[in-house]
Amino acid sequence: MNLPDTANIVEVSPRDGLQNEQQCITLEHKLTLLQKLADAGVKVIESGSFVSPKWVPQMADTGDVFKQLKPAAGVRYTALVPNQKGLDLAMEHGVSEIALFAAVTDAFSQKNLNCTVEESLQRFQHLAAKAIKAGIRVRGYLSCVLGCPYAGKVMASQVSPLTGRLLDAGCYEVSLGDTIGVGTAGSTSKLLQQLSMDNIGLDKIAMHCHDTYGQALANIVVALQHGVRTIDTSVAGLGGCPYARGASGNVATEDVVYLLDGLGIKHGLNLEKLVDAGNFISQIVGKPNQSRAANALNAR
């Protein structure tokens, strides 16, 4: 089995994991989660998003998060940015790395960004250029790479050129999102093969898998076999997509770390401390921990 020696985890629970929660998660609890994740060895944490509080009220205090967090040595705290106002706020709060996002289909782009894919890419390029000029690292998200809740099946040939355009815009990495979790080992393999055929280096690709059909871990193994070394995860499997009905949570960080341990791939995270972080935030949001590995360890 052709696998990398090391893998990187991008923890998205403070943003993607919490954005859909209806009850208010306090600033104190968010800061505690960030501290627990850093203590567990996580080196990249998506800590919030500078979006309109009208649309995503849970992220209304992202500025306060960045003002009050106590950065751990060697940890990158990133933020999602949807538009110029969001970028301005990120710069105002001293954010050193942002994530910009686009979608593969016009249908999803209209629902999420209120514009076509082409219009979103033009906006993306403008924001990326401004951020990079200001010394801010830019990561790209591409949603619905294996299926769209509105347009249905997505072909690899649709995804590859868009991925290339995000990299050309200056992204150091593009995270490919299986937003509704319909991907399989087969479709994931076809997608990554297409990217390779189109000379897109998989060392610049991350996978962002949702576990709606229970296929996320299988898809991640396929991605690792193809040379992808970065995986987006969320402790306790928190998260979903507000624009994709039925999409369940992100793949759980604990489950991915258990998988990587079994494959002998180094990652630098402490599973026991991740389980503690997942248990903590699950209690705060009042939901069962969705990580199977965490539940198995909790039952010991």
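Going through the range 179-198 one residue at a time, which ones are touching a helix residue (DSSP H, G or I) at 6+ places or on another chain (Cβ under 9 Å) and touching a residue at least 60 places away in the same chain (Cβ under 8 Å)?
T179, G181
Taking the condition of being surrounded by fewer than 17 Cβ atoms within 10 Å (Cβ to Cβ) and either of a type outside the set (G, A, S) or touching a helix residue (DSSP H, G or I) at 6+ places or on another chain (Cβ under 7 Å) (or both), how many residues in the range 252-262 meet it?
1
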>> Could you list, ordered by first residue, the pairs with Cβ atoms under 7 Å in which the first is in the range 203-217 and touching a residue at least 24 places away in the same chain (Cβ under 8 Å) and the second is among the β-branched types (V, I, T) and assigned to a helix (DSSP H, G or I), at least 6 apart or interchain?
In response: M207/I220; C209/I220
>> So the check is Cβ under 9 Å with 6+ separation or different chains; which pairs have a first residue in the range 42-67 that's free of Cβ contacts under 8 Å to residues at least 40 places away in the same chain and over 16 Å from D16 (Cα atoms) and a second one that's assigned to a loop (DSSP other than H, G, I, E, B) and β-branched (V, I, T)?
In response: F66/V95
> Of everything in the range 4-25 that's modelled with pLDDT of 95 or more and over 20 Å from the mean Cα position of the chain (by Cα), which residue is surrounded by the fewest Cβ atoms within 10 Å (Cβ to Cβ)?
Replying inline: D5
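Condition check ((1) touching a Cys at 6+ places or on another chain (Cβ under 8 Å); (2) basic (K, R)) across all residues:
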{"position": "S49", "(1), (2)": "no, no"}
{"position": "K70", "(1), (2)": "no, yes"}
{"position": "L100", "(1), (2)": "yes, no"}
{"position": "S109", "(1), (2)": "yes, no"}
>> Return the residues of the range 160-181 that are crowded, with 18+ Cβ neighbours inside 10 Å, within 17 Å of the chain's Cα centre (by Cα) and either charged (D, E, K, R) or at pLDDT 95 or above (or both); say none if nothing qualifies.
In response: T163, L166, C171, E173, V174, S175, L176, G177, D178
> Within the range 119-152, can you find the residues that are of a type in the set (K, R) and in contact with a helix residue (DSSP H, G or I) (Cβ under 9 Å, 6 or more places away or on another chain)?
Replying inline: R123, K130, R137
>> Given the criterion surrounded by 21 or more Cβ atoms within 10 Å (Cβ to Cβ), under 30 Å from G186 (Cα atoms) and more than 18 Å from the chain's Cα centre (by Cα), identify the matching residue among V145, V104, V154.
In response: V154
> Checking Q110 against (1) touching a residue at least 12 places away in the same chain (Cβ under 8 Å); (2) part of a helix (DSSP H, G or I); (3) not acidic (D, E), which test does it fail?
Replying inline: (1)
> Out of curiosity, is G249 touching a strand residue (DSSP E or B) at 6+ places or on another chain (Cβ under 8 Å), at positive phi and buried (at least 22 other Cβ atoms within 10 Å of the Cβ)?
Replying inline: no
> Pairs, please: C-beta under 8 Å, at least 6 apart or cross-chain, first residue at positive phi and in the range 88-100, second of a type outside the set (A, V, I, L, M) and crowded, with 18+ Cβ neighbours inside 10 Å?
Replying inline: G94/F66
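The values are calculated or read from the model by the stated rules, or taken from the named source; none is laboratory data. Note that the structure is predicted; figures quoted are calculated from it, not measured. Because the Cβ atoms are built from the backbone with ideal geometry, glycine has one as well, and the counts that use them run over all protein chains shown.
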